[in-house]
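Just below is one structure, and these are the notes that go with it.
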Amino acid sequence: MKNKKIIYFLTGAGILILVIVIMICRNLFGINIIADKNNHVIYIPTGSSYEQVMDTLESKLIIKNRDIFGWLAKKKHYPALIKPGRYVIDKDLSYNNLINLLRSGRQSPVNITFSNLHTLNQIAGKIGKQIEADSLQIVGFLSSDSNYIRDEFKKEDIISLFIPNTYEFYWNTDAKGLYTRMLREYRLFWNDNRLSKAKEKGLDPKDVSILASIIDDEVAKPEEKPRIAGVYLNRLKRGIPLQADPTIIFALNDISVTRVLKKYLTVDSPYNTYKHSGLPPGPVGCATIEGIDAVLNAERHDYLYFAARADFSGYHNFSRTLSEHNRYALLYQKELDKRKIFK
């Protein structure tokens with residue numbers, strides 16, 4: 001009889017322990033964090049405290065029992081292992097799985113695409129909206145006099161670092177990390193083949209980017225880019241000023257200008273390619289891959305001039321002599337007047 005009581009007691013105790021273990025497992029490893037209907041993006045800034053992380057999690061997710069979550073987080077030493085970043089919670093999770101995700105630092109990267117940008121401020125504004133470093137931090141770092149940057153780029157040509165494309169970044173990238181990553185991409189882009197083509201033309205990568213940026217702004221029809229690149233290269237070889245309208249607009253700092261008038265050609269700026277021979281100090285925009293490759297694969301010809309066609313097709317007439325060019329230019333100017341485009 002006594003043995004039966006002991007057996008009953010032990011059996012009952014075992015069942016109770018089993019129930020407790022099951023409850024604990026359900027609390028720790030069951031679905032206890034609800035992601036609601038949509039994916040939730042959790043941003044954990046650099047230097048966040050554990051309490052700040054908890055506030056962020058509770059603002060985005062439904063955590064059934066904060067005390068149990070906190071107990072497990074501390075047992076797994078998460079308060080001392082906080083990893084900043086961008087974490088996408090796309091399904092319901094257990095406390096254990098969420099803590100493991102956050103502890104691991106396995107954040108979800110962001111894809112950043114940029115093109116058709118003309119200034120460092122525009123680039124910084126575009127990128128700064130999608131990573132932890134804001135636009136002011138990015139511009140400040142890239143514009144600084146640090147030898148870390150100046151060994152590679154000047155302030156005037158730093159924009160050539162940014163080759164328009166789509167890049168994958170971790171959200172907690174800082175300004176220095178951005179520069180390091182883009183420098184790596186820049187060096188990969190400027191492979192031996194591109195470097196060799198640039199050298200054949202007496203240019204370095206930054207020279208190519210400067211010329212490409214002008215061509216990108218000058219040309220509406222992509223198929224004309226290699227031909228216009230050939231015109232500019234011919235002028236450079238002969239010491240003839242480029243007389244490129246995009247450099248005047250850049251010097252004026254007024255993108256609303258649609259017609260470059262004679263009065264604009266006197267603007268006092270090193271970017272005024274009507275007054276100064278050779279290339280300007282830096283790109284007038286973020287040169288596209290298409291523009292860069294147009295320079296590297298420029299057509300070989302003897303044209304020295306080009307003028308927009310008066311039919312406003314976006315194409316150009318090319319000339320070998322100034323008198324021929326002036327005739328084409330006059331036709332286009334008359335059409336501008338006819339269309340009342342005076343600025």
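I'm checking my understanding of the structure. Among residues of region 74-99 that are under 14 Å from TYR50 (Cα atoms), out of contact with any Leu (no Cβ under 9 Å at 6 or more places or on another chain) and of a type in the set (Lys, Arg), which one is surrounded by the most Cβ atoms within 10 Å (Cβ to Cβ)?
Among those residues, the one meeting the criterion is LYS76.
Could you check region 293-343 and list, in sequence order, the residues that are acidic (Asp, Glu), loosely packed, with under 12 Cβ neighbours inside 10 Å and not in a loop (DSSP other than H, G, I, E, B)? Even if it seems obvious, please write down each step before you answer.
Within region 293-343, the subset acidic (Asp, Glu) is 293, 299, 302, 311, 324, 335, 337.
So of that shortlist, the ones also loosely packed, with under 12 Cβ neighbours inside 10 Å come out as 302, 311, 337.
Hit for region 293-343 is ASP337, nothing else.
Looking at region 110-119, can you tell me whether even one residue there is farther than 25 Å from SER213 by Cα and either touching a residue at least 60 places away in the same chain (Cβ under 8 Å) or in contact with a strand residue (DSSP E or B) (Cβ under 7 Å, 6 or more places away or on another chain) (or both)?
yes
From the list SER160, SER144, exactly one residue is in contact (Cβ under 8 Å) with a residue 24 or more places away in the chain and not assigned by TED's automatic domain parsing to the domain that holds LEU279. Which is it? Step through it out loud before you land on a result.
On the way: SER144 fails: in contact (Cβ under 8 Å) with a residue 24 or more places away in the chain.
So the residue among SER160, SER144 that is in contact (Cβ under 8 Å) with a residue 24 or more places away in the chain and not assigned by TED's automatic domain parsing to the domain that holds LEU279 is SER160.
Among the residues in region 243-265, are any surrounded by fewer than 12 Cβ atoms within 10 Å (Cβ to Cβ) and among the hydroxyl-bearing types (Ser, Thr, Tyr)?
The answer is yes, given that some residue of region 243-265 is surrounded by fewer than 12 Cβ atoms within 10 Å (Cβ to Cβ) and among the hydroxyl-bearing types (Ser, Thr, Tyr).
Kindly indicate whether LYS176 is part of a helix (DSSP H, G or I) and either farther than 21 Å from ILE255 by Cβ or at pLDDT below 95 (or both). Step through it out loud before you land on a result.
On the way: part of a helix (DSSP H, G or I): yes; either farther than 21 Å from ILE255 by Cβ or at pLDDT below 95 (or both): yes.
Criteria met by LYS176.
Give the residues of region 91-128 that are in a loop (DSSP other than H, G, I, E, B) and within 26 Å of the chain's Cα centre (by Cα), sorted by residue number.
GLY105, ARG106, GLN107, SER108, PRO109, PHE114, SER115, ASN116, LEU117, HIS118, THR119
So ILE131 clears everything in (1) assigned to a loop (DSSP other than H, G, I, E, B); (2) without any contact (Cβ under 8 Å) to a residue 24 or more places away in the chain except one condition, right? Which one?
It fails just one condition, (2).
Can you find a residue in region 278-293 that is more than 26 Å from the chain's Cα centre (by Cα) and not β-branched (Val, Ile, Thr)? Reasoning before the result, please.
To start, the set of residues in region 278-293 that are more than 26 Å from the chain's Cα centre (by Cα) comprises 278.
Now restrict to residues that are not β-branched (Val, Ile, Thr): 278.
For region 278-293, residues more than 26 Å from the chain's Cα centre (by Cα) and not β-branched (Val, Ile, Thr): present.
Can you find even one residue in region 170-188 that is among the hydroxyl-bearing types (Ser, Thr, Tyr), farther than 26 Å from TYR271 by Cβ and in contact (Cβ under 8 Å) with a residue 24 or more places away in the chain?
Filtering region 170-188 for residues among the hydroxyl-bearing types (Ser, Thr, Tyr) gives 170, 173, 179-180, 186.
Remaining after also requiring farther than 26 Å from TYR271 by Cβ: 170, 173, 180.
With the extra rule that they be in contact (Cβ under 8 Å) with a residue 24 or more places away in the chain, the set shrinks to 170, 173.
The answer is yes, given that some residue of region 170-188 is among the hydroxyl-bearing types (Ser, Thr, Tyr), farther than 26 Å from TYR271 by Cβ and in contact (Cβ under 8 Å) with a residue 24 or more places away in the chain.
Determine, yes or no, whether ASN272 is modelled with pLDDT under 95 and either under 26 Å from ASP337 (Cβ atoms) or under 28 Å from the mean Cα position of the chain (by Cα) (or both). Even if it seems obvious, please write down each step before you answer.
Numbers: modelled with pLDDT under 95: no; either under 26 Å from ASP337 (Cβ atoms) or under 28 Å from the mean Cα position of the chain (by Cα) (or both): yes.
So ASN272 does not fit the description; no.
How many residues does region 264-292 contain that are without any contact (Cβ under 8 Å) to a residue 24 or more places away in the chain and either closer than 22 Å to PHE153 by Cα or in a loop (DSSP other than H, G, I, E, B) (or both)? Before you say what the answer is, go through the steps one by one.
Residues of region 264-292 that are without any contact (Cβ under 8 Å) to a residue 24 or more places away in the chain, as a first pass: 264-270.
Remaining after also requiring either closer than 22 Å to PHE153 by Cα or in a loop (DSSP other than H, G, I, E, B) (or both): 267-270.
Total meeting the criteria: 4.
Test GLU224 against the criterion of being outside the structural domain of PRO84 (by TED's automatic domain parsing), outside any loop (DSSP other than H, G, I, E, B) and of a type in the set (Asp, Glu), and give yes or no. Show your work before the answer.
Numbers: outside the structural domain of PRO84 (by TED's automatic domain parsing): yes; outside any loop (DSSP other than H, G, I, E, B): yes; of a type in the set (Asp, Glu): yes.
Against the criterion (outside the structural domain of PRO84 (by TED's automatic domain parsing), outside any loop (DSSP other than H, G, I, E, B) and of a type in the set (Asp, Glu)), GLU224 qualifies.
Would you be able to say whether some residue in region 179-189 is in contact with a helix residue (DSSP H, G or I) (Cβ under 7 Å, 6 or more places away or on another chain) and not in a helix (DSSP H, G or I)? Outline the logic, then answer.
If we filter region 179-189 for residues that are in contact with a helix residue (DSSP H, G or I) (Cβ under 7 Å, 6 or more places away or on another chain), which is where we start, we get 179, 182-183, 186.
Narrowing further to those that are not in a helix (DSSP H, G or I): none.
There is no residue in region 179-189 that is in contact with a helix residue (DSSP H, G or I) (Cβ under 7 Å, 6 or more places away or on another chain) and not in a helix (DSSP H, G or I).
Identify, from the list ALA198, ALA212, the residue that is under 23 Å from the mean Cα position of the chain (by Cα), touching a residue at least 24 places away in the same chain (Cβ under 8 Å), in a helix (DSSP H, G or I) and closer than 30 Å to ARG300 by Cβ. Quick ask: steps written out before the conclusion?
On the way: ALA198 fails: under 23 Å from the mean Cα position of the chain (by Cα).
From the options ALA198, ALA212, the qualifying one is ALA212.
Does region 217-227 contain at least one residue that is modelled with pLDDT of 95 or more and of a type in the set (Lys, Arg)?
Yes.
The values are calculated or read from the model by the stated rules, or taken from the named source; none is laboratory data. Quick caveat: nothing in here was measured; it's all calculated off a predicted structure. Reconstructed Cβ throughout: ideal geometry from the backbone, glycine too, with neighbour counts over all protein chains shown.
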